[in-house]
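Mind having a look at this structure? Questions to follow.
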Amino acid sequence: MLEKFKNLKEIIIIGGGKSIEEGISLGLQDKLKDKCVIATNYSYKHFPHSMLVCTDDKFYYPKNVSENPDIYEELKKEPLIITTANIPKEYLLPNTIIIKGTGKYSNDPIKRGFYTPILCGIIALHLAEYLEPKNIFILGYDWDRRIGLPERDKKYNGHTDLDIHYYKKEIPHRGLGYVGFYENHNSNQYFKYFEQSKCKIYNVSLISNIENFSKISYLKMFNLF
């Protein structure tokens, strides 16, 4: 199912970060038509895409729809879903491939597993690298952090009122405004493995806190298409 996406000129990955608003204002959706696009989580609702990557079993088939919207019927229409989630057999859709996380990086995650099972954006990047395009563009990878907040403080609370997603609060789910993971983990820990990639990786977010890749604007990305 993935072979047709091998060795393309570019693969675009759509994250959920607020920086995507710039691209939307410049006609991003139209620019992505006929491109190989990997959607992550709820970005499948807004952008043309070739496949969807998700990690949370409550995203795929929520046990509690007050935490995540029930989108199971929509997922049935997806062309291809790649997930690390523990999906019960009775709910596993025929368009879905489960690939587990292993904790170890490899250049063949399809056979050996993704090195982390929990970060959707990392899994999507690992998948894109495996497909060996010339260029990979990561969009909405902002890794939001509040400045000056003491991590590990007893009063620490990772839940905020910040709009950290480009869709703001249009899609209510338990991750809205949550920056706890980003504030308590160094992004380099997860992205360092891709610095020596054979693919050129562009971070299309000038405000991103991920420093491992060249940061470019949306206009620059469009010129590179």
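The values are calculated or read from the model by the stated rules, or taken from the named source; none is laboratory data. Given the structure is predicted, the values throughout are model-derived calculations rather than measurements. Heads up, the Cβs are rebuilt from the backbone with ideal geometry, glycines too, and the neighbour counts pull from every protein chain shown.
Test each condition in (1) surrounded by fewer than 22 Cβ atoms within 10 Å (Cβ to Cβ); (2) modelled with pLDDT under 90; (3) not in a loop (DSSP other than H, G, I, E, B) for PRO48 and report the one that comes out false.
With (1) surrounded by fewer than 22 Cβ atoms within 10 Å (Cβ to Cβ); (2) modelled with pLDDT under 90; (3) not in a loop (DSSP other than H, G, I, E, B) applied to PRO48, the lone miss is (3).
With respect to LYS33, is the statement that it is in contact with a Pro (Cβ under 7 Å, 6 or more places away or on another chain) and in a loop (DSSP other than H, G, I, E, B) true?
Values: in contact with a Pro (Cβ under 7 Å, 6 or more places away or on another chain): yes; in a loop (DSSP other than H, G, I, E, B): yes.
Judged against the criteria, LYS33 is a match.
Something else now. Of the residues that sit in region 55-85 and are outside any helix (DSSP H, G or I) and of a type in the set (Asp, Glu), which one is modelled with the highest pLDDT?
So the first thing to find is which residues in region 55-85 are outside any helix (DSSP H, G or I), and the list is 55-56, 61-71, 76-85.
Next cut, of a type in the set (Asp, Glu) only: 56, 67, 70, 78.
Numbers: ASP56: 75, GLU67: 64, ASP70: 80, GLU78: 92.
The selected residue is GLU78.
Do we find that PRO94 is in a loop (DSSP other than H, G, I, E, B) and at pLDDT 85 or above in this structure?
On the way: in a loop (DSSP other than H, G, I, E, B): yes; at pLDDT 85 or above: yes.
Taking the combined requirement at face value, the residue satisfies it.
Continuing with the same structure: Condition check: over 21 Å from ASN135 (Cα atoms), outside any helix (DSSP H, G or I) and either of a type in the set (Ser, Thr, Tyr) or under 17 Å from the mean Cα position of the chain (by Cα) (or both). Does ILE11 satisfy that?
Spelling it out, it is not the case that ILE11 is over 21 Å from ASN135 (Cα atoms), outside any helix (DSSP H, G or I) and either of a type in the set (Ser, Thr, Tyr) or under 17 Å from the mean Cα position of the chain (by Cα) (or both).
Among what's in region 36-45 and is part of a helix (DSSP H, G or I) and in contact (Cβ under 8 Å) with a residue 60 or more places away in the chain, pick the residue that is nearest to the chain's Cα centre (by Cα). Don't jump to the end; show me each part of the working.
The initial filter retains those residues of region 36-45 that are part of a helix (DSSP H, G or I), namely 41-45.
Subsequent filtering for residues that are in contact (Cβ under 8 Å) with a residue 60 or more places away in the chain retains 41-43, 45.
On the way: ASN41: 7, TYR42: 10, SER43: 9, LYS45: 14 Å.
Result: ASN41.
Which of (1) surrounded by 18 or more Cβ atoms within 10 Å (Cβ to Cβ); (2) in contact with a Gly (Cβ under 9 Å, 6 or more places away or on another chain) is the odd one out, the single condition LYS31 does not satisfy?
Every listed condition holds for LYS31 apart from (1).
Criterion first (touching an Asp or Glu at 6+ places or on another chain (Cβ under 8 Å) and modelled with pLDDT of 85 or more) does SER19 satisfy it?
Against the criterion (touching an Asp or Glu at 6+ places or on another chain (Cβ under 8 Å) and modelled with pLDDT of 85 or more), SER19 qualifies.
Let me ask something additional. Answer yes or no: is there a residue in region 89-105 that is touching a helix residue (DSSP H, G or I) at 6+ places or on another chain (Cβ under 6 Å), touching a residue at least 40 places away in the same chain (Cβ under 8 Å) and not basic (Lys, Arg). Reasoning before the result, please.
Quick first cut of region 89-105, residues touching a helix residue (DSSP H, G or I) at 6+ places or on another chain (Cβ under 6 Å) only: 105.
Pick out the ones that are also touching a residue at least 40 places away in the same chain (Cβ under 8 Å) and you get 105.
Next, from what is left, pick out any that are not basic (Lys, Arg): 105.
The answer is yes, given that some residue of region 89-105 is touching a helix residue (DSSP H, G or I) at 6+ places or on another chain (Cβ under 6 Å), touching a residue at least 40 places away in the same chain (Cβ under 8 Å) and not basic (Lys, Arg).
Something else: Failed condition for LYS111, given (1) within 20 Å of ILE201 (Cβ to Cβ); (2) surrounded by fewer than 14 Cβ atoms within 10 Å (Cβ to Cβ); (3) basic (Lys, Arg), with all others met?
Result: LYS111 passes all but (1).
Out of all the residues in region 5-60, which are of a type in the set (D, E, K, R) and within 21 Å of LYS76 (Cα to Cα)?
Taking region 5-60 first, the residues of a type in the set (D, E, K, R) are 6, 9-10, 18, 21-22, 30-31, 33-35, 45, 56-58.
The answer is LYS45, ASP56, ASP57, LYS58.
Name the residues in region 106-128 that are touching a residue at least 60 places away in the same chain (Cβ under 8 Å) and in a loop (DSSP other than H, G, I, E, B), would you?
Within region 106-128, TYR115, THR116, PRO117, ILE118, LEU119 qualify.
Looking at (1) more than 26 Å from ARG145 (Cβ to Cβ); (2) in contact with a Lys or Arg (Cβ under 8 Å, 6 or more places away or on another chain), find the lone condition where ILE12 falls short.
(1)
Matching residues to (1) polar (S, T, N, Q); (2) under 19 Å from the mean Cα position of the chain (by Cα); (3) at pLDDT below 75:
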site: ILE147; (1), (2), (3): no, no, yes
site: PRO150; (1), (2), (3): no, no, yes
site: LYS154; (1), (2), (3): no, no, yes
site: HIS159; (1), (2), (3): no, no, no
site: GLU170; (1), (2), (3): no, yes, yes
site: VAL179; (1), (2), (3): no, yes, yes
site: TYR190; (1), (2), (3): no, yes, no
site: TYR193; (1), (2), (3): no, yes, no
